[in-house]
Amino acid sequence: MNSKWRTIVFFIAAAGFSCLYFLGVKNLPPWGHYRGPYGDLISAVGVYERHATDAVNAIDYDYRGFDTLGEEFILFTSVLGVMLLLREMKRPPKTSPPDKGLSDAVKASAGAGFAALVIFGIYMTTHGQLTPGGGFQGGVIVASASMLVYIAENFPVYKQITSHPLVEILESLGAGFYVIIGLVPLVLATPFLTNWMPLGKTGNVFSSGTIAAISASVGLEVAAGFLLLGYTYLEEIISDTGEESRE
């Protein structure tokens, strides 16, 4: 198919998609006017039934936990696909002039920022049942901290913390723990993903039973997955440009 026909097909598909989009959104309620009743019901019973003060995480990891499991494995499969497509290939070595390096002030700031992001990401992951946040948000924050290592140092240093097989194992464990937590109720003759852990005291970091546990497992999988994505893309870019380190 030549360029002209590709353009024609694109505009036909775009026109069809636009029609479907506007048909889907024309009956949405005005901004800020929620019609319920599902969200109103969860807000009313979530704290009592699950001891979770954040209704979003109660829905994601409990009331609608099966859907979230699928979403997590979409990310897992996407990371796997990227690593497969961009897997390491034998290429002729390339060279490029080394950079002059970064100032000590930049390196010190990046080090402080790295620690702050990791701590904040762990906080977001472990407190999702209490405040806005959760495993997806916390995992992305933890993974983004690794980019400061690359910015402040060089790719070989970044590679030391992201390319280890342990990161791949942690990603698999994060996804696997979610499934294991959901399968335990089947052994107890209850439905899949039933909240079987002690609910604890409302407002406590160890409250909400499986909600907190699933949030932690999701945070582990997301953090490891984005670490692998960052490393895979950087390795592809650097292998093409020939950049190996900053001096």
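Some observations on this one:
- Scope the stretch 6-65; condition among the basic types (Lys, Arg) and out of contact with any Pro (no Cβ under 8 Å at 6 or more places or on another chain); matching residues: 6, 26, 50, 64
- Taking the conditions (1) in contact (Cβ under 8 Å) with a residue 12 or more places away in the chain; (2) in a helix (DSSP H, G or I) in turn, residue 157 satisfies each one other than (1).
- Residue ID - farthest from residue 216 (Cα to Cα), chosen from residues in the stretch 107-148 that are part of a helix (DSSP H, G or I), within 13 Å of the chain's Cα centre (by Cα) and of a type outside the set (A, V, I, L, M): 144
- A single member of 156, 92, 98 is modelled with pLDDT under 90, under 27 Å from residue 236 (Cβ atoms), in contact with a strand residue (DSSP E or B) (Cβ under 8 Å, 6 or more places away or on another chain) and of a type outside the set (D, E, K, R), and it is 98.
- Test for residue 7: is it part of a loop (DSSP other than H, G, I, E, B), among the hydroxyl-bearing types (Ser, Thr, Tyr), surrounded by 10 or more Cβ atoms within 10 Å (Cβ to Cβ) and at pLDDT 85 or above: no
The values are calculated or read from the model by the stated rules, or taken from the named source; none is laboratory data. Fair warning: this is a prediction, and the values are worked out from it, not measured in the lab. Reconstructed Cβ throughout: ideal geometry from the backbone, glycine too, with neighbour counts over all protein chains shown.
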